Amino acid sequence: MLQTLSPTTVAWLYLLIAGGFEIATTTMYRYTAGLSRVTPTIAFFVLGALSFFFLNRALASIPIGTAYAAWTGIGAAGTVLIGIAFYSEPATTMRLVLLTMLIGSIMGLKLISAD
């Protein structure tokens, strides 16, 4: 299926995957107890390596500035949503407005990227 997609579209899919692993990495970090618990720490590093791997794949067709901004934005937005959904972090109006702006910015980067 990936053969029928443009290289830029595939790169953006890789970037979404990288962002997903970034969300998992930051979420796993909370279980490492300062990197002192072995299993969560190993999972943290493996997830982080996978995130970097897919980010690297995305860089084949997406400029580094755009890819890095989108990758960190996906990770930040996803981590905020995980915190709200599973860890009772506050979902204040201003936090949700700013999160919406962040997601809109990531979508804007995708829209202006060359295909």
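In a fully extended conformation the segment linking Ile42 and Ser113 would gain 22.0 nm over its present Cα-Cα distance, using 0.36 nm per residue. Just checking my list (1) 73, 35, 23; (2) 57, 37, 21; (3) 42, 36, 25 against Cα extents along the principal axes in Å computed from this structure; which label fits? Of the labelled values, this structure produces (3). Shown for Ile82, Ile64, Ile74: other C-beta atoms within 10 Å of each C-beta, ranked fewest to most, produce the order Ile64, Ile82, Ile74. Neighbour counts of other Cβ atoms within 10 Å put Ser61, Ser105, Ser113 in the fewest-to-most order Ser105, Ser113, Ser61.
Taking the helices alone, the chain has a mean residue ellipticity at 222 nm of -26500 deg cm²/dmol, built from -39,500 (n - 2.57) per DSSP H run of at least 4 residues and averaged over all its residues. Cβ-to-Cβ counts within 10 Å put Tyr14, Tyr31 in ascending order as Tyr31, Tyr14, the fewest first. Put a dot 7 Å past the Cα of Glu89, heading toward its Cβ, do the same for Leu35, and the two dots end up 2.1 nm apart.
Throughout, read-outs are computed from the coordinates displayed, never taken from laboratory work. These figures come from a predicted structure and were not determined experimentally. Neighbour counts run over all protein chains shown; Cβ positions are idealised from the backbone, glycine included.
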